[in-house]
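To keep things clear, I will list the structure first and then write my remarks on it.
The values are calculated or read from the model by the stated rules, or taken from the named source; none is laboratory data. Keep in mind that this is a model prediction, so the values were computed, not measured. Glycine also receives a Cβ, built like all others from the backbone with ideal geometry; neighbour counts cover every protein chain displayed. We work out accessible area using only protein heavy atoms, side chains counted, and drop any ligands, DNA or RNA first. Shrake-Rupley method; radii C 1.70, N 1.55, O 1.52, S 1.80 Å.
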Amino acid sequence: MRPNRSFITLDEFTIRETRRFPKATGELATILRDIGLACKLINEKVKKAGLVDILGAEGATNVQGEEQMKLDVFSNDILKNVLENSSECAGVASEEEEDFVVFDDEYSNNSKYVVLFDPLDGSSNIDVNASIGTIFAIYKRTSKLGEACNEGDFLQKGRLLMASGYVIYGSSTMLVYATKLGVNGFTLEPAFGEFCLSHPNLKCPEDGSIYSINQGNYNKFDDDVKSYLDFCMDNENKKSYRHRYIGSMVSDLHRTLIKGGVFMYPADKQNEHGKLRLMYECNPLSFIVETAGGKSTDGKGDPILDIEPQELHQRVPIYIGSKNMVDKIHSFKKA
Ligand code: AHM
Ligand code: MG
């Protein structure tokens with residue numbers, strides 16, 4: 001008699017997806033499994049952060065001049081290490097590394113994929129025990145197999161992503177990933193350490209009532225952003241809006257994906273390109289939201305996914321979430 005099992009693991013799911021395509025080789029499934037492994041190791045450390053002496057600044061600063069926490073360093077190293085051991089990854093680029101990293105050996109040079117990641121996004125939330133996350137983006141390399149990968153393999157627009165995803169270390173740990181086939185969410189079952197399918201075929205609601213932005217920057221925003229925020233706060237409004245801002249993009253985005261709403265990090269007087277990074281944060285999350293039926297733009301009307309990247313650490317303003325809410329923001333933009 002077969003055991004009656006009601007769950008399906010991430011591995012089983014990706015293999016099942018691969019079988020839908022006779023020509024698929026399963027390499028993407030392997031990378032997703034490897035990223036899942038790295039994130040389980042990160043999860044272990046994150047969950048113990050209050051117990052062991054791992055909190056506190058590492059003393060180093062990253063390429064954006066921001067202070068790195070020890071968990072950022074650990075997460076970066078573990079992702080690099082797991083992906084270097086993977087049979088399918090030719091190199092990586094990370095928000096915490098100045099330049100991309102080439103795994104220049106015989107196996108890696110014959111691997112088809114490169115991976116970009118933000119190893120621990122929202123790390124300023126670590127010492128207040130709020131949710132944080134890992135974000136990843138997987139591209140098929142454009143350079144010749146057999147040779148070391150190069151910068152062009154990483155500087156691809158988001159529209160060309162093969163897959164992207166995030167892991168949220170929250171009240172439970174979840175991995176959400178998208179391919180062109182759809183978006184699916186998996187919750188980590190701590191009893192046997194596997195991500196199990198819990199949120200199949202996720203769709204971002206077409207409309208919502210939650211707007212998410214660092215409103216403390218109000219005075220620095222352009223007039224059109226201010227007008228939209230005034231509109232959301234207007235009590236005479238037919239529809240009432242609520243403001244939520246965790247300050248951890250993965251967490252704010254996860255809520256937006258599930259409940260609907262909009263998340264914004266606009267340009268402001270001091271930061272003409274906003275704060276968030278195109279390659280490590282905006283592209284992978286935009287790919288998920290668009291695949292789930294939502295929308296993501298830079299505020300000028302251009303989809304984030306169509307921006308031609310110029311450099312690895314490029315920043316970009318972002319407006320992302322329920323389609324109707326993103327469209328509403330655009331109606332406040334001056335022609
Ligand atoms: P990080 O990659 O250094 O953690 O910064 C990114 C984070 C996002 O998670 C979050 O949306 C944003 O920074 C919050 O910034 P602010 O404190 O300016 O609102
Ligand atoms: Mg980040």
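Descriptive notes on the structure:
- Residue count for segment 110-140, restricted to those that are open to solvent by 20 Å² or more (accessible area, probe 1.4 Å), at negative phi and more than 13 Å from ligand 2 (Cβ to nearest atom): 7.
- Scanning segment 269-284 for residues that are open to solvent by less than 10 Å² (accessible area, probe 1.4 Å) and more than 10 Å from ligand 1 (Cβ to nearest atom) yields a count of 5.
- Positions within segment 150-186 being closer than 19 Å to ASP121 by Cβ, surrounded by fewer than 23 Cβ atoms within 10 Å (Cβ to Cβ) and of a type in the set (Ser, Thr, Tyr), in sequence order: SER171, SER172
- Only listed residue being part of a strand (DSSP E or B) and away from ligand 2 (no atom under 16 Å from the Cβ), chosen from PHE192, PHE186: PHE186
- Of residues in segment 219-268 being more than 10 Å from ligand 1 (Cβ to nearest atom) and of a type in the set (Val, Ile, Thr), the one farthest from ASP121 (Cα to Cα): VAL225
- Restricting the first member to segment 176-200 and to residues that are touching a residue at least 24 places away in the same chain (Cβ under 8 Å), and the second to residues that are open to solvent by 40 Å² or more (accessible area, probe 1.4 Å), the beta-carbon pairs closer than 6 Å and six or more apart or on different chains are GLY182/ASN201; ASN184/PRO200; PHE186/LEU197; CYS196/PHE7; CYS196/GLU189.
- A count restricted to segment 188-220 and to residues that are of a type in the set (S, T, N, Q) and open to solvent by 60 Å² or more (accessible area, probe 1.4 Å) stands at 2.
Conditions tested, residue by residue: (1) under 21 Å from ALA49 (Cα atoms); (2) under 18 Å from the mean Cα position of the chain (by Cα).
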| position | (1), (2) |
| --- | --- |
| SER111 | no, no |
| LEU120 | yes, yes |
| SER123 | yes, yes |
| LYS140 | no, yes |
| LYS144 | no, no |
| LYS157 | no, yes |
| TYR169 | yes, yes |
| LEU181 | no, yes |
| GLY185 | no, yes |
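- Filtered residues of segment 285-312 (kept if crowded, with 18+ Cβ neighbours inside 10 Å, more than 13 Å from ligand 1 (Cβ to nearest atom) and under 15 Å from ALA178 (Cβ atoms)): SER286, PHE287, ILE288, VAL289, GLU290, THR291, ALA292, GLY294, LYS295, SER296, ILE304, LEU305
- Selection within segment 70-104 - within 16 Å of ligand 1 (Cβ to nearest atom) and either small (Gly, Ala, Ser) or within 17 Å of VAL167 (Cβ to Cβ) (or both): LEU71, ASP72, PHE74, SER75, ASN76, LEU79, ALA93, SER94, GLU95, GLU96
- The set of residues in segment 240-274 that are within 16 Å of ligand 2 (Cβ to nearest atom) and assigned to a helix (DSSP H, G or I) comprises MET249, VAL250, SER251, ASP252, LEU253, HIS254.
- Checklist (1) away from ligand 1 (no atom under 11 Å from the Cβ); (2) touching a residue at least 40 places away in the same chain (Cβ under 8 Å) applied to TYR107, failing item: (2)
- A count restricted to segment 113-136 and to residues that are at pLDDT 95 or above and either part of a helix (DSSP H, G or I) or away from ligand 1 (no atom under 12 Å from the Cβ) (or both) stands at 5.
- Taking the numbered list (1) in contact with a helix residue (DSSP H, G or I) (Cβ under 6 Å, 6 or more places away or on another chain); (2) surrounded by fewer than 24 Cβ atoms within 10 Å (Cβ to Cβ) in turn, ILE258 passes all entries but (1).
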